[in-house]
Amino acid sequence: MDESAISPGSLEDWRKGRSEAIKKFLSEYAPGHDDDLLAQMLITICRLVADGADRGDLKILNAALRELRYAFKVFAPYTDIPKVSMFGSSRTPEDHPQYLQAKKFAELMQRHGWMVITGAGGGIMRAGHHGARREASFGMAISLPFEQETNAIIADDPKLVNFKYFFTRKVIFVKEARAIALFPGGFGTQDEGFESLTLVQTIKSSPIPIVMCDEPGGSYWQRWREFVEAELLGCEMINPEDMDLFYLTDRAEDAVAEVLKFYRRYHSSRFVGDELVLRLNSPLSSKTLSQIDETFADILAGGRFEQVHAPLDGENGAYPDKIRLVFAFNRQSAGRLRSLINIINEEP
């Protein structure tokens, strides 16, 4: 029903009746399960009807919701296992140095207890599954009129998810990953790399290591960096510190070391109100805290850095065994935040 067609005196009663109907529905079909959020979703559906939403628009929303729901279900049993999303060309032959480099990277990450997420196709995507093996692999397949066929390693695996839309697929690639690894590729690889960098740079995702790995002696990512340095940085379209948001190498071993080093002491982060909470695997010394106070005062929106030993209100009791570094972050420089995390990880 169109709310604008209801008289002001009856609108409040109508909304109250809708709210009660939704509560009754949820109490029967989803009792006690985040009722507030589910109620908001159902209200949004009601508003789509009131808006007279086009059937084509409804199809997009329906497919997106179904894809995301199923992907969340697939990943749920593996929440506590770290994962790296790997991107690269679907056209890379299995005997190419880039394929072998990606395979080695995935194999080494699997040995360290990580799982890999790839687009489930051929080339670099297959190399990721080849190295990590089926048991430690997720496949995020996309329907395309050419090129994209699910590789035999991940085909028919319960950890394979099929997507219609790129945007829902990309949400999962970033949401579920604790690291991003980019190997040489085409427009899709560039898109995924720039989106990952954008999300980290704009603080729309948590800080994560982004590694770009060439074949031994390769120049693909070196030339990419030269472009970024000359045009983006040179024209002041990014900050100098933003160059620290990614790491280039031509050795799989170095790419793995960069990812693991990022989590040496740093564990995870989240905002609680205006404060950023960095969860740490071990406490910082008073010397390092003093160094942080002196060196990173520019990223504070007020107050100072404080080390606490219990979850804050608003963290829902997550990771009670972790130390916290808490501060009011001004959200102006992800590059400087990355430098802070490097200092945290470098302390003996």
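Please treat every number below as a calculation from the coordinates, not as lab data. Predicted model, so just to flag it, every value in this text is computed and none were measured. We place every Cβ from the backbone using ideal geometry, glycine too, and count neighbours over all the protein chains shown.
Can you give me the Kirkwood hydrodynamic radius for the stretch 106-243, using every pair of distinct Cα atoms, in Å to one decimal?
Averaging 1/r across every pair of different Cα atoms and inverting gives 16.1 Å.
Mind ranking 83-93, 205-215 by how tightly packed they are, going by the mean number of other C-beta atoms within 10 angstrom, highest first? Before the final figure, lay out the partial values.
Details: 83-93: 23.2, 205-215: 21.5.
Result, highest mean first: 83-93, 205-215.
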- request: Can you tell me the order of 262-268, 302-308 when each peptide is scored by its average per-residue count of other Cβ atoms within 10 angstrom, highest first?
  value: 262-268, 302-308
- prompt: Using +1 on the beta carbon of Lys and Arg, -1 on that of Asp and Glu, and nothing else charged, what's the dipole of the stretch 266-346 about the Cα centre, debye to 20?
  reply: 200 debye
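When ranked by the protection proxy of mean other Cβ atoms within 10 Å per residue, highest first, what sequence do the peptides 109-117, 217-225, 48-56 form?
Answer by packing, highest mean first, reads 109-117, 217-225, 48-56.
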- line: Restricting to Cα pairs under 8 Å and 6 or more apart, the percent relative contact order of the chain works out to 12 percent
- prompt: What per residue convex hull volume, in Å³, do the alpha-carbon atoms of the stretch 45-94 yield?
  reply: 152 Å³
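Could you compute the FRET efficiency for Val308 and Val171, with r as their C-beta to C-beta distance and R0 at 25 Å, rounded to 0.05?
0.20
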field: Simple label model, 7 Å out from Cα along Cβ direction - Ala63 to Ser219, nm
entry: 4.1 nm
query: How many angstrom separate the Cα center of the stretch 167-206 from the Cα center of the stretch 62-95?
result: 12 Å
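Percent antiparallel among DSSP beta bridges with both residues in the chain, to the nearest 5? Write out the running numbers ahead of the final one.
Details: 17 of 37 bridges.
Of all bridge pairs located within the chain, approximately 45 percent are antiparallel.
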field: In nm, spacing of pseudo-spin labels at Glu195 and Glu253 (7 Å Cα→C-beta vector)
entry: 3.4 nm
message: Need one number: nm distance between label points at Ala53 and Leu37, each 7 Å from Cα along Cα→Cβ, rounded to one decimal.
response: 1.9 nm
- line: Per the 1/(1 + (r/R0)^6) rule, R0 = 30 Å and r from the Cβ atoms of Ser290 and Thr202, FRET efficiency to 0.05 is 0.50
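Using the Cα centre as the reference, give the magnitude of the dipole from point charges on the C-beta atoms of the chain (Lys, Arg: +1; Asp, Glu: -1; all else neutral), rounded to the nearest 20 debye.
Values: 41 positive and 50 negative charges, 172 e Å.
With Lys and Arg at +1 and Asp and Glu at -1, about 820 debye.
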- request: Would you kindly work out the equivalent ellipsoid of the stretch 162-266 from its C-alpha gyration tensor and give its semi-axes, the square roots of five times the eigenvalues, largest first in whole Å?
  value: 20, 18, 16
query: Kirkwood Rh over Cα pairs of the stretch 26-117 into Stokes-Einstein at 37 °C, 0.692 mPa s: D in µm²/s?
result: 189 µm²/s
query: GNM on the chain, C-alpha springs below 10 Å: top fluctuator among Ser27, Ser143, Ser285?
result: Ser27
message: Using the crude model of +1 on Lys and Arg Cβ and -1 on Asp and Glu Cβ, and no other charge, please compute the dipole size for the stretch 208-348 relative to its Cα centre, in debye to 20.
response: 500 debye
Alpha-carbon Rg/Rh ratio, for the stretch 266-346, with Rh computed the Kirkwood way: 0.92
task: For the chain, take the alpha-carbon Rg, divide it by the Kirkwood Rh, and send me Rg/Rh.
output: 1.02
task: Name the most mobile residue of Asn62, Asn151, Asn239, meaning the one with the largest mean-square fluctuation, in a Gaussian network model of the chain with Cα contacts below 10 Å.
output: Asn62
